[in-house]
1. Taking residue 103, is it within 21 Å of residue 11 (Cα to Cα), in contact with a helix residue (DSSP H, G or I) (Cβ under 8 Å, 6 or more places away or on another chain) and either surrounded by 12 or more Cβ atoms within 10 Å (Cβ to Cβ) or at pLDDT below 85 (or both)?
């Protein structure tokens, strides 16, 4: 994270959007006591994460917002005059994207700001393990250079 936020003028705004669609599954409102407990847990987690970045020496602020997640992420970033949006992807896979949509994809497509997408460690480790045993793709320019530029094909 420190590599992304270099210099002394950067501020990281750690926040979570409580998606309005998660709070009304299939059109039914959640009981108020459940919503209150969920808000409490989310606020504690966001403050804890922001505190961990602060302990690393980063200037950090925190927030919890309500709304449609993709739209709210962009609105918060623009309101705070952010330079970029850093998203943690849940890595739900193709089925999750089809059934639930993808906040990350929507933000990538609609944000006027640069978007940096990070995968959670467990997803990233699985991908690295999957690709580590495979052969690397051949650079066609190397093959072209070996055969010369006489137009004889590869």
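The values are calculated or read from the model by the stated rules, or taken from the named source; none is laboratory data. Only a predicted model underlies this, so the values are computations on that prediction, with no experimental measurement involved. No Cβ is skipped: glycine too gets one built from the backbone with ideal geometry, and neighbour counts run over all protein chains shown.
1. On the way: within 21 Å of residue 11 (Cα to Cα): no; in contact with a helix residue (DSSP H, G or I) (Cβ under 8 Å, 6 or more places away or on another chain): yes; either surrounded by 12 or more Cβ atoms within 10 Å (Cβ to Cβ) or at pLDDT below 85 (or both): yes.
So residue 103 does not fit the description; no.
Every residue, every condition in (1) under 16 Å from the mean Cα position of the chain (by Cα); (2) at pLDDT below 95; (3) assigned to a helix (DSSP H, G or I), yes or no:
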| site | (1), (2), (3) |
| --- | --- |
| 17 | yes, yes, no |
| 33 | no, yes, yes |
| 52 | no, yes, yes |
| 70 | yes, yes, yes |
| 82 | yes, yes, no |
